[in-house]
Amino acid sequence: MNSTLDVAKVRADFPILQRRVHDKPLVFLDSAASSQKPTCVIEAMNDYYRTTHANVHRGVHTLSEEATALYEGARKKIAKFINAKSSREIIYTRNTTESINLVAFTWGRANLRAGDEVLLTESEHHSNIVPWQMVAKETGAIVRYLPVDAHGYLDTSALDSMLTSKTKLVGIASMSNVLGTIMPIEQVIQRAHAMGALVLIDGAQGVPHLPTDVQALDCDFMAFSGHKMCGPTGIGVLWGRRDLLEEMPPFMGGGDMIRKVTFEGAEWNELPWKFEAGTPAIAEAIGLGAAVDYLAGLGMSAVRAHEHETIAYALERLSEIPGLTLIGPDDANRRGGVATFTLDNIHPHDLADILDHEGIAIRAGHHCAQPLHQKLGIVASSRASFYIYTLREEIDQLVDGLYKAKAIFKR
Ligand code: 7TS
């Protein structure tokens, strides 16, 4: 794969990359937690507030109509970005976490019974574990976990024994935020459907970094966050198959999600508004629309190609460092732009602190995947994560910083 991204040109689109940290140029290697924002996204939100803001779906006045057109226009762009059949299948939420909670507490409450099973993987983020544990407690359903092997790959042979007629839903991230593994979701979806189970894809890492086509995948739900894909915080998406969304009860009650209310009860609005109670995050939705335009302009295949090159180089450089243990697949073809590791027995927080003084931002801790860390037998790890603006030189700077940390700790 050869990158067709002009990284220098991409970097010029991100004003924050000009800043310095501890008097050093910023080396931002924490995009898996949240990506930086290009000028077009910042400007789209700024313009909206300066010229067009009013509440949506309410007024007949010009500003409200224009705001509604921008808000709904963004929904169409997002639908196209993931190849949804209809923009009615795009539900705005706050983030991936809220999208998964929406499914757990509407579909889950209505459909899970005692003894039913929800099958997750051992590498899921807390947001694709805890909502299922909560709804399982309420309904008597059981949560089970497909194992992940020592190299960070999903043990697909376990599908034979663990995927049964009791399984009602499989929840899996398309890309792990710790291991970086690109999961074999096509295979999981086929096998789950053959057993009559639905599949929810946690696309928090996958959608920003890999081409995504929900129709080709044939999954049932896809959750993702705007802030990890060049968009603002406070906006996320739940995509769901229309027939499923039609059947699901609403998540929250209030304004905008109703067709009619009497003192006795209410009738629900049509999709997607049935799931969007209250004044939504209007500017943020418009910002996310600008973000998907930006990513589509770069081309998601080019985004993936750049990250493939970047992770391949990072794996090569990091594995040269004595005492460094990489976590996750060593095959860049099966790994996104996430390099997680431990170094000697230096605590990841100390490491992140030393690197911060070099202007380098990485994440340290359990990355909201405590069960996976327990399985790996570690409490915490360090993670460098990459995106469209990451330069090879920044990997070199990371490696230099890690040698510096070793010298400080005399390792
Ligand atoms: N699922 C995965 C795979 C994630 O990586 C994250 C966030 C979430 C769900 C939750 O997304 P949110 O937008 O609702 O918070 N992951 C990370 C991370 O790796 N570091 O900080 C947040």
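Please list 389-397, 7-15 highest first by mean number of surrounding beta-carbon atoms within 10 Å per residue. Kindly include the intermediate steps, with their values, before the conclusion.
Working: 389-397: 17.9, 7-15: 14.8.
Listed from highest to lowest mean packing, they are 389-397, 7-15.
Kindly flag which residue pairs out of 80/260; 85/274; 80/166; 9/404 have an alpha-carbon separation exceeding 27 Å in this structure. Walk me through the intermediate numbers first.
Values: 80/260 31 Å; 85/274 18 Å; 80/166 35 Å; 9/404 31 Å.
Among 80/260; 85/274; 80/166; 9/404, the Cα-Cα distance tops 27 Å for 80/260; 80/166; 9/404.
Quick check on the chain: helices-only [θ] at 222 nm, where DSSP H runs of length 4 and up contribute -39,500 (n - 2.57) each and the sum goes over total residues. Nearest 500, please.
On the way: 15 runs with 155 residues, N = 411.
So the calculated ellipticity at 222 nm is -11000 deg cm²/dmol.
Considering only protein heavy atoms, what per residue accessible area in square angstrom results for region 198-304 with a 1.4 angstrom probe?
Numbers: 3780 Å² over 107 residues.
For region 198-304, the per-residue accessible area is 35 Å².
If you place +1 on the Cβ of every Lys and Arg and -1 on the Cβ of every Asp and Glu, how big does the dipole about the Cα centre of region 42-297 come out, in debye to the nearest 20? Don't jump to the answer; show the numbers that get you there.
Values: 22 positive and 30 negative charges, 55 e Å.
Dipole size: approximately 260 debye.
What is the packing order of peptides 17-29, 117-129, taking the mean over residues of other C-beta atoms within 10 Å and listing the highest first?
Details: 17-29: 14.8, 117-129: 23.2.
Highest-to-lowest ranking by the protection proxy: 117-129, 17-29.
Out of all DSSP beta bridges in the chain, what portion is antiparallel? Express it as a percent rounded to 5.
Looking only at bridges with both residues in the chain, the antiparallel portion is about 60 percent.
Once the convex hull of the C-alpha atoms of region 197-243 is built, how many Å³ does it hold per residue, rounded to a whole number?
Values: hull volume 3.6 nm³, N = 47.
In region 197-243, the Cα hull volume divided by residue count equals 76 Å³.
Return the lysines within reach of residue 168: Cα separation strictly under 16 angstrom, same-chain partners fewer than 8 residues apart disregarded; answer none if there are no such residues.
137
For region 1-121, what is the accessible area per residue in Å² when the probe is 1.4 Å? Before the final figure, lay out the partial values.
On the way: 5860 Å² over 121 residues.
Ligands and nucleic acids excluded, the result is 48 Å² per residue.
Fully extended, how many nm does the chain gain between residue 16 and residue 46 (0.36 nm per residue separation, minus their Cα-Cα distance)? Spell out each step's value before the answer.
On the way: separation 30, 0.36 × 30 = 10.80 nm, distance 1.63 nm.
Using 0.36 nm per residue and subtracting the Cα-Cα distance, I get 9.2 nm.
So how strong a dipole does region 1-52 carry about its Cα centre when Lys and Arg Cβ are +1 and Asp and Glu Cβ are -1, to the nearest 20 debye? If you can, show how the numbers build up before the last one.
Values: 7 positive and 6 negative charges, 30 e Å.
Computed charge dipole of region 1-52: roughly 140 debye.
Are there any GluC sites (Glu not before Pro) in region 211-308 that are in a DSSP loop and have at most 11 other Cβ atoms within 10 Å? List them by number.
On the way: sites: 246, 247, 264, 267, 270, 276, 284, 307; in loops: 264, 270, 276.
Passing sites in region 211-308 are 264, 270.
Counting each pair of different Cα atoms once, what's the Kirkwood radius of region 13-161 in Å, rounded to one decimal? Kindly include the intermediate steps, with their values, before the conclusion.
Details: mean 1/r = 0.0507 Å⁻¹.
About 19.7 Å for region 13-161.
Calculate what fraction, in whole %, of the accessible area of the chain sits on carbon and sulfur atoms when a 1.4 Å probe is rolled over the protein chains.
Details: 8790 of 16930 Å².
Using a 1.4 Å probe with all protein chains present, the chain comes out at 52 percent carbon and sulfur.
If you count, for each residue, the other Cβ atoms within 10 Å and average over each peptide, how do 70-81, 400-411, 90-101 line up from highest to lowest? Walk me through the numbers on the way to the answer.
On the way: 70-81: 19.8, 400-411: 15.6, 90-101: 24.0.
Output ranking for 70-81, 400-411, 90-101: 90-101, 70-81, 400-411.
Could you state the accessible area per residue of region 320-411 in Å², with a 1.4 Å probe and every protein chain left in place?
Working: 3860 Å² over 92 residues.
Computed with neighbouring chains in place, this is 42 Å² per residue.
Mind giving me the nanometre distance, one decimal, between the label points for residue 247 and residue 263, set 7 Å out from Cα along Cα→Cβ?
That separation, rounded to one decimal, is 3.7 nm.
Please work out whether the chain counts as rounded, prolate or oblate from its C-alpha gyration tensor, where a ≥ b ≥ c are the square roots of the eigenvalues and a/c under 1.5 means rounded, while otherwise a/b larger than b/c means prolate and anything else oblate? Can you show the working numbers first?
On the way: a/c = 2.04, a/b = 1.26, b/c = 1.62.
Note, shape of the chain comes out oblate.
Taking the dipole about the Cα centre of the chain, with the C-beta of Lys and Arg at +1 and of Asp and Glu at -1, give me whichever of 39, 275, 311 is farthest to the positive side.
Among 39, 275, 311, the one farthest towards the positive end of the dipole of the chain is 275.
The values are calculated or read from the model by the stated rules, or taken from the named source; none is laboratory data. Because the structure is a prediction, the values reported are computed rather than measured. Cβ atoms come from the backbone with ideal geometry, glycine included; neighbour counts cover every protein chain shown. SASA here: full protein model, heavy atoms, side chains in, ligands and nucleic acids out. Shrake-Rupley method; radii C 1.70, N 1.55, O 1.52, S 1.80 Å.
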